[in-house]
1. List every residue whose amide H lies under 5 Å from the amide H of B:SER106, counting only residues 5 or more places away in sequence or on a different chain, with H placed 1.01 Å from N in the peptide plane.
2. Quick check on my link table: of A:LYS90/A:LYS148; B:LYS148/B:LYS274; A:LYS260/B:LYS304; A:LYS90/A:LYS310; B:LYS274/B:LYS304, which ones sit more than 30 Å apart, alpha carbon to alpha carbon?
3. Which of the GluC sites (Glu not before Pro) across the stretch B:257-319 are loop residues per DSSP, with 11 or fewer other Cβ within 10 Å?
4. Summing +1 for each Lys or Arg and -1 for each Asp or Glu, what net charge is found among the other residues whose Cβ lies under 11 Å from the Cβ of A:ASP113?
5. Given label points at 7 Å from Cα along Cα→Cβ, what nm distances, shortest first, separate B:ASP319 from the same residue in every other copy?
6. Report the antiparallel proportion of the DSSP beta bridges in the stretch A:4-134 as a percent, rounded to a multiple of 5.
7. Take the Cα gyration tensor of the stretch B:98-232, multiply each eigenvalue by 5, square-root it, and list the three semi-axes largest first, rounded to whole angstrom.
8. Loop only by DSSP, 11 or fewer other Cβ within 10 Å of the Cβ. Give me the trypsin sites (Lys or Arg not before Pro) in the stretch B:243-349 that pass, ordered by residue number.
2 protein chains.
Amino acid sequence: MMKKRYRNGDIWDFEHEMAVAASRQVVLGLDGGTTSTVCICMPLIPYTDLLPDPIPVLARSIAGCSNHNSVGETAARETLEQVMADALSKSGSNRFAVRAVCLAVSGVNHPTDQQRILSWLREIFPSHVRLYVQNDAVAALASGTMGKLHGCVLIAGTGTIAYGFTEDGREARAAGAGPILGDWGSGYGVAAQALTAVVRAHDGRGPLTMLTCGILRSLELSSPDELIGWTYADPSWARIAALVPVVVSCAEAGDQVANKILLDAVQELASSVKAVVQRLGLSGEDGKNSFPLVMVGGVLEANKRWDIGKEVINSIVNDFPGALPIRPRVEPAIGAALLAWNFLTRKSP
Amino acid sequence: MMKKRYRNGDIWDFEHEMAVAASRQVVLGLDGGTTSTVCICMPLIPYTDLLPDPIPVLARSIAGCSNHNSVGETAARETLEQVMADALSKSGSNRFAVRAVCLAVSGVNHPTDQQRILSWLREIFPSHVRLYVQNDAVAALASGTMGKLHGCVLIAGTGTIAYGFTEDGREARAAGAGPILGDWGSGYGVAAQALTAVVRAHDGRGPLTMLTCGILRSLELSSPDELIGWTYADPSWARIAALVPVVVSCAEAGDQVANKILLDAVQELASSVKAVVQRLGLSGEDGKNSFPLVMVGGVLEANKRWDIGKEVINSIVNDFPGALPIRPRVEPAIGAALLAWNFLTRKSP
């Protein structure tokens, strides 16, 4: 264990160079996504039912992509290790002060992903450190429930996923498989449907739509033919998902094609949550038990007349009246730190 | 003109090194796709209503991808120039013997694409050579009509496009915009829908389907969770499209989900053709005029009980009884050469 200390010496050099507040114990929470990775170092506060507000944070560090599917295993690990070292260094701490780490990272889709990352983490930290590896959606859930793994989170940004936990530790997810595998309710999905509608109208395969004007103007193109070159030029999902506000504007202006795309997205997003709630029985036998429903991501936060998030909530509450919608006030990395803290203090009170 | 002769000297060196049958005039036909590029060198035969069978071919050369959207402008040009030089060299000919070139290449979606390639071609060939640049779908049409630009071609392989011409030279297309822009009837589209159905069944968002077993077995995976890693590992469209036979098998075995995916694909493919036929008025005022309907590509050629091509034809003939289905007996590059020959001999009889 701690082999990495010698292999990647420079990352952890600060541990020899600084006076460390050795008595103060800390937990680390990481939120690793495709765009960026955030690490929070939090002091280990005693277990209590009422958390301090605001949550105490010793340090926050930030780095790039840590999804192993996007950048490969080696680069992902380097990023994760660096961002943890930065957070510890900034907080005047070191690895011996760490009591628990919760690493919530996108691309954890299978128990083998979890095992691989756990055994690598084990090489970095001393053996007494508790280690938890989760999908990044779990940190988003915890950011709404203040560290408690109970309820369902729906994320809809560039991508989308629904992830839920029962109080006795069972878990389930829906969607989150990427655009090829049918995440139609995501920002990418909505925008791709809108682009498709423009091409169809141009071909004579579909109705005319205000999306044509709206999207061409927003991309500074003069004809739908040019969309082909535009999509080929850079296939990044976030670039396509950035068109969602155009779709919302067209729907608000009364365009039926845009309106249908948003209604379909609402159905898709709600159905992901419903599948998770049903599989876990979160709403109890009579379907009326209450459970947290954490809502995260740009697609759900559009505070417009056509409010996708509100419509999704309406659809879910219609089937499960006990769903308690929550918009988190802290970032997912703090959710991950609270998870680490919660695991630790509950298991060793 | 012919600046390229000096810039890319090595490509055309053979012209100085060989005895050339200078009196024999030739035409070149190129079919440039995302997978490969084929060039045919054909002797210039006198104009006749009855073409020789088989079509005389002096040489055939083959190279890699020449879609500028995929490999960039420079690499695409290098490939096209090399494959033309190879065909001329193999046929014991040179650029002065060329009377016409028809370059039919994927990625020609806009008049500016055409102009760019034309002015580059103009640098390679002497000024008397007639040059034609088309989308590769046009070569496929000509391979069914023996060089005549009339009717509609439907291509459905990894991608899909419908392309049509009237006898007086008007043209129209539908689809062919890539998977992001909604080519749902393509091999990629069919397979992506099937993968989505597997994930939905696994999530509890959709009905159980035989596609789960069929696709996991075919990819040697043990759980639908692993599909996420599989799609990320290599996003090539052809790799996904290769799953079409699994979808056909499941539909033949009675799976309703697979059956619906194929029925939807049939609708999509037929609607592309119908949009083109309607915009061009190919079926005349009473809707009964006859026109060639050229059918090309792996998705349409599956000679199974569930025959996608046959169903597409049925749907089209239902609306346009004058559609005359043709399965080409020669490859698209020969279609391109016949086009060059046809343009030339008709315009200067």
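Since every read-out is calculated from the coordinates, none of them should be taken as a lab result. Computed from a prediction, not measured in an experiment: that's the story for all the values here. Counting neighbours? That spans all protein chains shown, and the Cβs are built from the backbone with ideal geometry, glycine included.
1. Residues meeting the criterion, in which the H sits 1.01 Å from N, are B:GLY32, B:GLY33, B:ASP136.
2. Details: A:LYS90/A:LYS148 27 Å; B:LYS148/B:LYS274 20 Å; A:LYS260/B:LYS304 36 Å; A:LYS90/A:LYS310 40 Å; B:LYS274/B:LYS304 24 Å.
Result: A:LYS260/B:LYS304; A:LYS90/A:LYS310 exceed 30 Å.
3. Numbers: sites: B:GLU268, B:GLU285, B:GLU301, B:GLU311; in loops: B:GLU285.
Within the stretch B:257-319, the qualifying GluC sites (Glu not before Pro) (loop, at most 11 other Cβ atoms within 10 Å) are B:GLU285.
4. Surrounding charge for A:ASP113 is -2.
5. Distances to the matching label points in the other copies: 3.5 nm.
6. On the way: 12 of 24 bridges.
Of the beta bridges lying entirely in the stretch A:4-134, close to 50 percent run antiparallel.
7. Working: eigenvalues 351, 53, 30 Å².
The equivalent ellipsoid of the stretch B:98-232 has semi-axes of 42, 16, 12 Å.
8. Details: sites: B:LYS260, B:LYS274, B:ARG279, B:LYS288, B:LYS304, B:ARG305, B:LYS310, B:ARG329, B:ARG346, B:LYS347; in loops: B:LYS288, B:LYS304, B:ARG305, B:ARG329.
Within the stretch B:243-349, the qualifying trypsin sites (Lys or Arg not before Pro) (loop, at most 11 other Cβ atoms within 10 Å) are B:LYS288, B:ARG305.
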